[in-house]
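Trainee: To start, I am sharing the structure in question, which I have written as structure tokens.
The values are calculated or read from the model by the stated rules, or taken from the named source; none is laboratory data. Not measured: the values here are computed from a predicted model. Here Cβ is always computed from backbone atoms with ideal geometry, including for glycine, and neighbour counts include all displayed protein chains.
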Amino acid sequence: MSVRETIGTRDGRNVDPEVGRLLGEGSQQRVRGCPAAREEELPAIPSDASRQGTYYDVPLLKEPVWKWMIPTYFYVGGVAGAAAALGAATQLARSQGTGTLIRRCRLVAAGGAVASAALLIADLGRPARFLNMLRVFRPTSPMNMGTWILSAFGAMSTASAAAALLPASERQRRLGDLAAAGAGLVGLPLCTYTGVLVANTAVPIWHGTRRTLPILFAASGAAGGGAVLELFPPTPAGEAIVHRFGIAGKVCELALTAVLEREAAAVPEVVRPLRRGASGLLWRASQGLSAAGLLCSLRSLGRPGYRGAAGVLGTLGALALRLALMEAGRASARDPRATIAQQRAGRGAGDVVSERDRAGASLPALRGEGARVGMEQADRDSHA
């Protein structure tokens with residue numbers, strides 16, 4: 001058996017030691033606008049005016065190498081977490097006639113957990129890579145915490161769905177209710193951690209909106225979860241709950257998209273992907289679909305046609321939102337002006353370092369940094 005065969009499948013992340021050739025996703029990246037050619041055929045170096053302080057217009061960051069499975073997982077995980085939270089809240093309220101809604105929420109949560117794990121493993125290439133992330137417990141790593149959250153959520157949501165669908169004793173039903181409550185509790189961070197994950201990067205559009213992204217993902221998860229539940233046949237007691245839940249999610253989603261765009265607009269170069277190109281088109285499409293879904297939801301009580309339209313439009317809007325943010329991240333990483341402008345505006349890495357850190361309380365390497373920054377500010381003020 002050759003060395004290549006002993007390494008494993010070619011899933012896009014392995015290095016072949018025989019040839020020393022990269023076969024991973026990162027190796028598929030190419031510098032745009034600079035094709036291989038003879039020296040006399042190379043494009044001229046941009047002028048100083050066109051560079052605007054960049055390093056020869058060369059991107060400073062690599063584009064995210066995530067495939068379509070990751071933004072789809074962001075959507076599916078958000079819907080599953082929101083459905084589990086709604087089902088747990090309805091269960092705790094003990095309202096009569098809501099048993100059907102609770103079972104549907106458990107089904108959506110369990111199905112979303114299975115689909116989420118499948119999407120993550122498909123992107124990673126091998127199941128072992130998913131399991132390897134469970135070898136440690138690192139609260140400072142959003143990716144590691146997300147793996148634990150998804151694993152716990154999958155176990156509890158599957159147990160709760162089994163107890164609701166299969167014949168079970170009284171004790172088993174109680175255990176199922178307890179598992180459903182736990183899934184609802186864990187479903188809340190499942191909706192938001194993906195926003196923390198992408199914000200915890202150097203990509204300007206993601207890092208520049210790190211305060212809004214997790215909340216937007218939670219609101220969009222609620223909007224998507226309500227939209228999926230609107231696609232089920234209505235029940236007398238559950239229809240009103242789904243109606244209010246879906247409207248609240250869509251309203252918050254639309255409001256937070258405006259907040260996120262305003263936060264990114266603090267640096268004009270950073271907000272550009274949300275207003276131009278394919279990412280800008282997807283961003284406007286997601287807002288339009290969510291707004292249309294909201295209008296249909298407002299008129300959906302007792303009207304099956306509007307209810308179905310609200311479910312379809314809300315689902316498409318929530319999915320388009322994730323795709324738009326993913327495409328915007330790629331475009332933002334390719335733009336060196338966005339990276340440099342954000343740092344110069346003081347909204348980059350220095351913005352997350354507290355005054356206590358600058359004093360060296362938790363970061364000894366920065367000891368004295370606060371005094372230096374204060375002297376520089378005083379000097380600037382004196383020349384103003």
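Trainee: Could you list, in sequence order, the residues of region 223-247 that are of a type in the set (A, V, I, L, M), in a helix (DSSP H, G or I) and within 14 Å of residue 313 (Cα to Cα)? First the steps, then the outcome.
Mentor: Here is the first cut: in region 223-247, the residues of a type in the set (A, V, I, L, M) are 223, 227-229, 231, 237, 240-242, 247.
Restricting the remaining residues to those that are in a helix (DSSP H, G or I) gives 223, 227-229, 237, 240-242, 247.
Across region 223-247, the qualifying residues are 223, 227, 228, 229, 247.
Trainee: Kindly state which helices (runs of 4 or more DSSP H) lie completely within region 284-364 and contain at least 3 residues that are modelled with pLDDT under 95 and touching a Cys at 6+ places or on another chain (Cβ under 9 Å).
Mentor: Values: elements: 304-334, 336-344, 355-358.
Per the criteria, 304-334.
Trainee: Check 134, 119 and return the single one that is part of a helix (DSSP H, G or I), without any contact (Cβ under 8 Å) to a residue 24 or more places away in the chain and not charged (D, E, K, R). Explain how you work it out, then say what you get.
Mentor: Values: 119 fails: without any contact (Cβ under 8 Å) to a residue 24 or more places away in the chain.
Of the residues listed, the single one that is part of a helix (DSSP H, G or I), without any contact (Cβ under 8 Å) to a residue 24 or more places away in the chain and not charged (D, E, K, R) is 134.
Trainee: Which of the following residues is over 22 Å from residue 346 (Cα atoms) and within 17 Å of the chain's Cα centre (by Cα): 223, 255?
Mentor: Details: 255 fails: within 17 Å of the chain's Cα centre (by Cα).
Of 223, 255, the one residue that is over 22 Å from residue 346 (Cα atoms) and within 17 Å of the chain's Cα centre (by Cα) is 223.
Trainee: Before we move on, is residue 248 within 15 Å of residue 301 (Cβ to Cβ) and in contact (Cβ under 8 Å) with a residue 24 or more places away in the chain?
Mentor: On the way: within 15 Å of residue 301 (Cβ to Cβ): yes; in contact (Cβ under 8 Å) with a residue 24 or more places away in the chain: yes.
It is true that residue 248 is within 15 Å of residue 301 (Cβ to Cβ) and in contact (Cβ under 8 Å) with a residue 24 or more places away in the chain.
Residues checked against (1) in a helix (DSSP H, G or I); (2) at pLDDT 90 or above; (3) of a type outside the set (Val, Ile, Thr):
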| residue | (1), (2), (3) |
| --- | --- |
| 63 | no, no, yes |
| 79 | yes, yes, no |
| 89 | yes, yes, yes |
| 148 | yes, yes, yes |
| 167 | no, no, yes |
